[in-house]
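To start, the structure itself, in structure tokens.
Taken together, the values in this text are just the output of simple stated rules run on the coordinates, not laboratory data. Quick caveat, the model's predicted, so the values are computed rather than measured. Cβ coordinates were reconstructed from backbone atoms using ideal geometry, including for glycine residues, and neighbour counts include every protein chain displayed.
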Amino acid sequence: MSRSTGTPAAALDDKAVSRYTLSHSSPRAESTLRAMRRNALLYVLLLPTFLFAIAFYYYPLLSGIYHSFTYWDIKRTVWVGLSNYERFFREPATLAAWRNMAIIVGAEVVITMTLPLLGAALVSRITHWQYGWRVAFVLPIVVPATVVVFVWRWFYGIDGGFNYLLRLIGQPDLTRAWLGDPATALWSIIFVGFPWVAGINFLIYLAALQAIPTEINDAAKVDGCGSLRRFFRIELPLIRPQLLLLVTLTIIYYLRSFDAPLIMTNGGPGTTGTLVPGLQMYRAIRNELDLGYGSAIGTVLFSTLVIISLVSFTLRRSQERA
Amino acid sequence: MHQRRHWLHRHGDQVVLHGALALLAFLTFVPLVTLLSLSVKDIYQLNVAPMGLTFPMRFENYALAWKFMRDPILHNVIVASVATCASLAMATLSAFVFARFRFPGRDGLFYAILILLFIPNTVLLVPTYQLIISQNLHNTLWALILPYCAQQALAIVVLRTFLQELPEEMFDAATVDGASVLQQFRHIAVPLSLPVIGAMAIFQVWLIWNDYAWPSLVANAPQARTATLALIIFNDFALPEPGAGMAAGVLAALPMILLFFITMRTFIAGLTAGAVKG
């Protein structure tokens, strides 16, 4: 993918002239209009893709931005200027929601950079049954996230697995309603999926580690470089692009994700215990049918995502040049 | 004895590695194994010994859960297969056109698709919801199928790269033989890219099976709800015996686990390729 995004259009065109089969005559010899008519079939073939893209991406995007300035339910649209945004930024819950989100994003970034990488580094050093370990750590990804969240919800319950284990080891004082206690609810949600090895991140790290030429590692081994040193001096610098990419993707994902709070706590305990902006948006639709307000939250989230993507893109560019 | 020490000396690292991985795998699988064991407990067994096995196993939990989960799982199978087939058919065709032909506006159109990769569906939740409601599609399977059909950007980008790298001679020979654009597509492009199409299809099925927020907005009613949604509704509103609720969780995950074991290599390839979408 990086190949197709990174190449300037001009370079693509040069390659295209020599490569593509249907361009019999030089494109300059005929007008654009004639070229378009001659290739009419190709546009027809692209049409289904673009109809869906317009209906479910471009139209909703523009409609969402426009309606964020309106009062919007299913029947009416009334222009209200910035008042949806004002309401969003004035609401005390918003601050708490962004704080919760920041904690989740921060924790998930640390998680992404450590345990899946550790798992991948361990598996890449295995000489026998490597495929077996790989399958073992992919299998849990296959289980739908909702099912995983559902099991963990049971573990956190008053009569759930954690309290049972605590009583079993003679620590009944530590038992609590993990998701009902403001002190533990947010961290309990972050803890879901421990030890966080099995995930797509693991697969990306593993692919990156296995792409390192074996000669490099063999040479280091001959020089007496230990496994740990090899990891920090050779492998880690070489997989830095993947690490940066995964950190970006993690930030973008948890900025908007709200499935776990929705299923486990519905934003509680209290009004803001585990509330996140995505869930505020969901509630604006689900509970209030205030689509204008929901659109404003969606637009704020979208703008934040665009800014973060641009910053990360620029950072990665300058890293590549350095 | 000497032999044994020699072996340990040479393979000591590997033993440690396997040990560390075994520990990680154990911790990873505890919740899933617990789900399995809870799903065959009655309420008494569940309160006394929630962790570990209890006998007799109450397989009747599954009969109860199946009654509630059968239709939702069927909905998921229909939605996932229709949406995946349709979106992959459109995506493969578009990728073929983008990869093998030159026409005015091609690059601009391609970038218009590429940029969709960076628009997460979540931020479009509200307007898409309004669109579905205004077309009276909510609580029908179309409310799920149509938006999922639109998820083509990733497949187009991946397939375009793949098709671009195919040797030109294959297509040249076909052109000389007078094969039309669609014949080239059907007889050359599709057969050659089947493994890639398969990987992208499985990733798409996985995404659809994982979705929770969107179905919970537009497909709450019994005639359209999906498996993961039904799992939560079953447990939170139907209030069954907890064991049966757990059995419903197993049933919701089972089709994906079966798919994984049938198509293991393709599944892993699809997840890896799909990771960029996040």
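Odds and ends about this structure:
- A Cβ-based charge dipole, computed about the Cα centre of the protein assembly as shown with Lys and Arg at +1 and Asp and Glu at -1, lands at about 700 debye.
- Kirkwood Rh and Cα Rg combined as Rg/Rh, the protein assembly as shown: 0.99
- Partner chain coverage, peptide B:161-172 - average Cβ within 10 angstrom: 2
- Positive minus negative residues near B:Ala252 (Lys, Arg vs Asp, Glu; Cβ under 12 Å): +2
- Here the Karplus curve 6.51 cos²θ - 1.76 cosθ + 1.60, taken at θ = phi - 60°, turns the phi angles of the stretch A:101-107 into couplings of 4, 4, 5, 4, 4, x, 5 Hz, with x standing for Gly and Pro.
- Local net charge near A:Val300, Cβ-Cβ under 14 Å (Lys/Arg +1, Asp/Glu -1): +1
- Within chain A, longest stretch clear of exposed trypsin sites (Lys or Arg not before Pro) (DSSP loop, no more than 11 other Cβ within 10 Å): A:77-322
- With a Förster radius of 51 Å applied to the beta-carbon distance between A:Ile308 and B:Asp177, the computed FRET efficiency rounds to 0.50.
- Rounded to whole numbers, the Karplus 3J(HN,Hα) couplings from phi for the stretch B:217-233 are 8, 10, 9, 7, 6, x, 6, 9, 5, 9, 4, 5, 5, 4, 4, 6, 4 Hz, using 6.51 cos²θ - 1.76 cosθ + 1.60 with θ = phi - 60°, and x at Gly and Pro.
- Debye, to nearest 20: dipole size of chain B, +1 on Lys, Arg Cβ, -1 on Asp, Glu Cβ: 440 debye
- Positive-pole candidate from A:Trp178, A:Pro140, A:Thr127, dipole of the protein assembly as shown, charges at beta carbon: A:Thr127
- Projecting the Cα atoms of B:Phe55, B:Gln14, B:Ala65 onto the charge dipole of the stretch B:1-102, computed from C-beta unit charges around the Cα centre, puts B:Gln14 farthest toward the positive end.
- Proximal charge balance of A:Leu310 [Cβ under 12 Å; K/R count +1, D/E count -1]: +2
- Rounded to the nearest 20 debye, dipole of the stretch B:42-182 from Cβ charges on Lys, Arg, Asp, Glu: 400 debye
- Remark: the A:Ile103-A:Ala207 segment gains 34.5 nm on full extension, using 0.36 nm per residue and subtracting the alpha carbon distance.
- In Hz, Karplus ³J(HN,Hα) per residue of the stretch A:201-207 (6.51, -1.76, 1.60; θ = phi - 60°; x = Gly, Pro): 4, 4, 5, 5, 4, 4, 4
- Size check on chain A: the Cα extents along the three principal axes, sorted descending, read 86, 73, 35 Å.
- Amide H contacts of A:Tyr71: A:Val78, A:Trp79, A:Val80, each under 5 Å away and 5 or more positions distant or on a separate chain (H built 1.01 Å from N in the peptide plane; Pro and chain starts excluded).
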